[in-house]
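Working notes for the structure below.
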Amino acid sequence: MSQTHGRGGREQPVVAIDGPAGAGKSTAARRLAEHLGFVLVDTGALYRGVALSAQEAGVDWDDGVALGRLAESLDFAFHIAEDGTPSLRIAGVDREADIRSPAIARGASDVSRHPEVRAALLGLQRRLGAEGGVVLEGRDIGTVVFPDADVKVFLTASSQERARRRVNDLISRGQHPVFAAILEGIEARDAQDMSREAAPLKPALDAILLETDHMSLDQVVERLAEIVRNSSGA
Ligand code: DC
């Protein structure tokens, strides 16, 4: 089949899923990628990897120039387990558990403000998606990384709903979260991600907005699959 797809001239589409923390992007993007048989690229993991590596190397999360240099030197790869679970490897070492802590989440938001860091990760993200047949999940995929993505969805939910989901998630892991503190953390991260000058979190003009407050995960995945189907005219 030599037919090319959409704006990028690729045979398979690039699907961009952006949105704020806790909107259910990660799980929905993963389920969508599985459903389509596409590769999943969790771009937030790369920013988390920079924050973790900086912490370990003694580089300040405020030092954009040093962070940019560090980010350029890092050897990132995604390893996919047999059950489809992706994990981030840095220099060949599995760092998935280490990048998921709340401290590193905050660090990722800090380091992602710096244009030097964003520039250092841009080429890698584009290479990972270049062939198409990929779901990229992040904050600026439809606006900056793949402005010519074939499908762009901005997935969101109210901060209250996102905090509720996070609290339930933590309770199911045996933790005892305080709702107000979780809500405050989510709103602080939103404010920082939306107000930064470099690639702020915002929907692309041509993105489809999907507000998930009253949707189950299954409904979200089904709707995403439908959006992809409609975009390819299949
Ligand atoms: O999706 P996440 O929570 O793993 O993302 C961690 C941080 O990385 C988040 O605060 C914003 C930043 N990020 C970004 O600026 N651009 C992306 N494409 C992905 C994540």
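The values are calculated or read from the model by the stated rules, or taken from the named source; none is laboratory data. Keep in mind that what you see is a predicted model, and the values were worked out from it rather than measured. Cβ coordinates were reconstructed from backbone atoms using ideal geometry, including for glycine residues, and neighbour counts include every protein chain displayed. Each accessible area value is taken on the protein alone, full model and side chains, heavy atoms only, with ligands, DNA and RNA left out. Shrake-Rupley method; radii C 1.70, N 1.55, O 1.52, S 1.80 Å.
Might you let me know whether region 71-91 holds any residue that is open to solvent by less than 30 Å² (accessible area, probe 1.4 Å), of a type in the set (Val, Ile, Thr), more than 28 Å from Ile227 (Cβ to Cβ) and more than 13 Å from the ligand (Cβ to nearest atom)?
yes
Of a type in the set (A, V, I, L, M), within 15 Å of the ligand (Cβ to nearest atom) and either at pLDDT below 95 or over 15 Å from Pro13 (Cβ atoms) (or both): does that describe Leu209?
Numbers: of a type in the set (A, V, I, L, M): yes; within 15 Å of the ligand (Cβ to nearest atom): no; either at pLDDT below 95 or over 15 Å from Pro13 (Cβ atoms) (or both): yes.
No.
How many of the residues making up region 142-189 are of a type in the set (Val, Ile, Thr), assigned to a helix (DSSP H, G or I) and open to solvent by 40 Å² or more (accessible area, probe 1.4 Å)? Quick ask: steps written out before the conclusion?
Applying the first criterion (of a type in the set (Val, Ile, Thr)) to region 142-189 yields 143-145, 151, 153, 156, 167, 171, 178, 182, 186.
Among the residues that remain, those that are also assigned to a helix (DSSP H, G or I) are: 143-145, 167, 171, 182, 186.
Right, trim to open to solvent by 40 Å² or more (accessible area, probe 1.4 Å) and you get 143-144, 171.
Residues meeting the conditions: 3.
Residue check, Val65 against (1) at pLDDT below 95; (2) of a type outside the set (Lys, Arg); (3) away from the ligand (no atom under 13 Å from the Cβ), all met but one. Which one?
(1)
Mind checking which residues of region 190-205 are more than 12 Å from the ligand (Cβ to nearest atom), farther than 12 Å from Thr156 by Cβ and surrounded by 12 or more Cβ atoms within 10 Å (Cβ to Cβ)?
Residue satisfying the conditions is Ala204 alone.
I want to confirm something. Restricting to region 20-49 and keeping residues that are part of a helix (DSSP H, G or I) and within 9 Å of the ligand (Cβ to nearest atom), which single residue is most open to solvent (accessible area, probe 1.4 Å)? Write out each step before concluding.
Taking region 20-49 as the starting set, the residues that turn out to be part of a helix (DSSP H, G or I) are 25-36, 43-49.
Then drop every residue that is not within 9 Å of the ligand (Cβ to nearest atom), which leaves 25-26, 43-48.
On the way: Lys25: 11, Ser26: 66, Thr43: 3, Gly44: 23, Ala45: 1, Leu46: 1, Tyr47: 16, Arg48: 39 Å².
My answer is Ser26.
Taking Phe146 and the conditions (1) within 12 Å of the ligand (Cβ to nearest atom); (2) of a type in the set (Phe, Trp, Tyr); (3) over 16 Å from the mean Cα position of the chain (by Cα), which numbered condition does it fall short on, given that it satisfies the others?
(3)
In contact (Cβ under 8 Å) with a residue 60 or more places away in the chain and in contact with a Phe, Trp or Tyr (Cβ under 9 Å, 6 or more places away or on another chain): is that true of Gly185 in this structure? Before the answer, list the steps.
On the way: in contact (Cβ under 8 Å) with a residue 60 or more places away in the chain: yes; in contact with a Phe, Trp or Tyr (Cβ under 9 Å, 6 or more places away or on another chain): no.
The answer is no for Gly185.
Specify which of the listed residues (Ser53, Ser2) is over 14 Å from the mean Cα position of the chain (by Cα) and modelled with pLDDT of 95 or more. Full working, then the answer.
Working: Ser2 fails: modelled with pLDDT of 95 or more.
After ruling out the rest, the residue left standing is Ser53.
Pull up region 130-139, narrow it to residues that are surrounded by fewer than 24 Cβ atoms within 10 Å (Cβ to Cβ) and in contact with a helix residue (DSSP H, G or I) (Cβ under 9 Å, 6 or more places away or on another chain), then point me to the one that is farthest from Phe76 (Cα to Cα).
Out of the qualifying residues, it is Gly133.
Would you mind telling me which numbered condition in (1) in contact with an Asp or Glu (Cβ under 9 Å, 6 or more places away or on another chain); (2) open to solvent by less than 20 Å² (accessible area, probe 1.4 Å) Trp61 fails?
(2)
For region 206-223, how many residues are surrounded by 15 or more Cβ atoms within 10 Å (Cβ to Cβ), in contact with a helix residue (DSSP H, G or I) (Cβ under 7 Å, 6 or more places away or on another chain) and not in a loop (DSSP other than H, G, I, E, B)?
Residues in region 206-223 being surrounded by 15 or more Cβ atoms within 10 Å (Cβ to Cβ), in contact with a helix residue (DSSP H, G or I) (Cβ under 7 Å, 6 or more places away or on another chain) and not in a loop (DSSP other than H, G, I, E, B): 4 in total.
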